[in-house]
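The values are calculated or read from the model by the stated rules, or taken from the named source; none is laboratory data. If you're wondering where the values come from, they're calculated on a predicted model, not measured in any experiment. Here Cβ is always computed from backbone atoms with ideal geometry, including for glycine, and neighbour counts include all displayed protein chains.
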Amino acid sequence: MGLPEKIKQIEEEMKKTQINKHTEHHIGLLKAKLARVRAELEASTSKGGGPAFEIRKGGDATVVLIGLPSVGKSTILNRLTNAKSKVAAYAFTTLTVVPGILRYNGADIQILDLPGIISGASSGRGRGRRVLSVARNADLVLLVLDVFQPGQVELLKRELHEMGIRINQKPPDVVITKSGKGGLALTTSVKLTKLSQATVKGIAEAYGLTNGSILIREDITDDQLIDVLTGNRRYASALVVLNKVDLVNEQYLAVVKRQVGTDFVPISAEKGLNMDILTERIWETLDFKRIYLKRPDGEPDFEKPLILPSGSTLRDVCKKVHPRFVEGAKYALVSGSSVKYGGQRVGLDHIPNDQDIVTIMR
């Protein structure tokens, strides 16, 4: 039996199995088996899927535009950046990846206009796997919808999920340690309500983990455990962008909001409507910190701040200046909201706040 037939067989068995407390163990094992067979099929077919799009990451973060054909992604890119992505009133205008740079608050944000995807993209239809593979390296995914097709958001989420991309989720708080002998030990620091210990061990064994330890520190589902065991999931933030809202009224948008089931940014790329709001939402979601460097005998450089992710330490600031700059750094003098007074001396593990002024002492 080939891999596609195995997948179909497992899917049919899952459909026939009623979901209840008594079958959760069996369903969990089926999900694990299905995920492994799909991974085998992906590995066996990836060689013939054509070359991947070669995109060099640039700037302080990468944002990708994901949507069906003709939803206005190219126009959005042209509005946000200095790019010149081809725009036309027919499908599949963009046949490759078109990059542009959004400059905002001192940051250079790379925006990528990707070819439109269709249902089945994650299985390779319409070069979909090549397109979605670019999103795996993104810091932020913009799900672009046509105002008259808001329901397509579920298609986009499904295709991203099938490619192993988890949007607006955090990696499960699970630590797995493998060993060569001793059996499998399971430790939990919370009460598991969605999985039994037997199901956890059964799923782990389906992935070949029979010796080692599993530490679970949050109440996870079988799908989350499978994600951890698979090991190749990518986690990214996402925003839903509803384009062409100049063609509808407020009553229609209220209905769409209930249908989409999540917050969205209403824009008209063609008219330039709310593009400033979209830019600000991109900035907020990326959650950057602007760090202004100051020499011991000089003034702060307010023109070119260092841009770092939220949670970065002063050690990360040093590495951003130069990978070896941290080697001679001893401490820092910080002014801003992260300290009690201006010029406070702190260690390199200190976490600065946005717009702090920092002097690295060597």
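General observations
- Among the residues of the stretch 323-344, those that are on the phi < 0 side of the Ramachandran plot and surrounded by fewer than 17 Cβ atoms within 10 Å (Cβ to Cβ) comprise P323, R324, F325, E327, G328, K330, Y331, S337, K340, Y341, G342, Q344.
- Just one residue in the set V245, V260, V255 is over 30 Å from V174 (Cα atoms), over 21 Å from the mean Cα position of the chain (by Cα) and surrounded by 17 or more Cβ atoms within 10 Å (Cβ to Cβ); that residue is V245.
- Scanning the stretch 1-29 for residues that are part of a helix (DSSP H, G or I) and polar (S, T, N, Q) gives a single hit, Q9.
- Checked against the criterion of being small (G, A, S), touching a strand residue (DSSP E or B) at 6+ places or on another chain (Cβ under 7 Å) and at pLDDT 95 or above, the candidates A204, A238 yield just one match: A238.
- Within the stretch 179-202, the residues that satisfy the criterion of being over 24 Å from L30 (Cβ atoms) and part of a strand (DSSP E or B) are A185, T187.
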